[in-house]
Amino acid sequence: SQKIEQNSEALNIQEGKTATLTCNYTNYSPAYLQWYRQDPGRGPVFLLLIRENEKEKRKERLKVTFDTTLKQSLFHITASQPADSATYLCALDRGGRRALTFGSGTRLQVQP
Amino acid sequence: SQTIHQWPATLVQPVGSPLSLECTVEGTSNPNLYWYRQAAGRGLQLLFYSVGIGQISSEVPQNLSASRPQDRQFILSSKKLLLSDSGFYLCAWSAGQGNQPQHFGDGTRLSIL
């Protein structure tokens, strides 16, 4: 079955630096991968979707890469701000079924 | 625009009592609907999803059930709650056939005593 690994350790960075979060997966070759942001006590909010034939996707200060050889996606936030502090979840498609498998998330803390 | 409503926001129930959580979506038709559970500090566990009225796919065998009596209504139920049913329950919807973003409600915090 699909396995998704996100760094369970919190990531602490200084304001203004670039945050890089990792999502690794095994036992599957997803057609697309999504990233979500979740604040405490709230539902996740969709950020970006990247397809298997796309190497990179950008949206404002966010950048996602998708390496199907390494079975890895990297999520970057440039010029990070304290307001970027949250948990970030990656999710994989389930091969034609209209459902996703979510990773456990990485908590990002941006220090002012 | 589309909105998703989930209620109640918090719920405290005794062990063995029944459960009914409701989720409705507005502003779209024939959405895919999902129920997730999230334990503290953990990822999202997909419980059920539905691609149409009366069509329910169950991901995890347990004492919960789901129903979709109307196009934009999704209900999560239990006849007898267990302590292990405590958690944060999230409803979500997506459009289309696949590779579409999911849009989540604000969740229900369920505590079983």
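Brief remarks on what is shown
- Any hit, region B:33-41, residues being of a type in the set (A, V, I, L, M, F, W, C), within 21 Å of residue A:97 (Cα to Cα) and touching a Lys or Arg at 6+ places or on another chain (Cβ under 9 Å): yes
Residues are listed down the side, and each one gets a yes or a no for (1) within 11 Å of chain A (Cβ to nearest Cβ); (2) closer than 14 Å to residue B:104 by Cα; (3) surrounded by fewer than 17 Cβ atoms within 10 Å (Cβ to Cβ):
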position: B:21; (1), (2), (3): no, no, no
position: B:30; (1), (2), (3): no, no, yes
position: B:38; (1), (2), (3): yes, yes, no
position: B:49; (1), (2), (3): yes, yes, no
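- Of everything in region A:79-97 that is at negative phi and open to solvent by 60 Å² or more (accessible area, probe 1.4 Å), the residue that is nearest to the other protein chains (Cβ to nearest Cβ) is A:97.
- Of all residues in region B:11-55, those that are of a type in the set (Ser, Thr, Tyr) and within 14 Å of the chain's Cα centre (by Cα) total 6.
- Selection status of residue A:106, surrounded by 14 or more Cβ atoms within 10 Å (Cβ to Cβ), more than 14 Å from chain B (Cβ to nearest Cβ) and in contact (Cβ under 8 Å) with a residue 24 or more places away in the chain: no
- Output for region A:1-40, where each listed residue is in a loop (DSSP other than H, G, I, E, B) and modelled with pLDDT of 95 or more: A:15, A:16, A:17, A:18, A:39
The values are calculated or read from the model by the stated rules, or taken from the named source; none is laboratory data. Note that the structure is a prediction, hence the values are computed from the model and not measured. Please note: Cβ atoms are built from the backbone with ideal geometry, for glycine as well, and neighbour counts cover all protein chains shown. The area values use the complete protein model at the heavy-atom level, side chains included, leaving out ligands, DNA and RNA. Shrake-Rupley method; radii C 1.70, N 1.55, O 1.52, S 1.80 Å.
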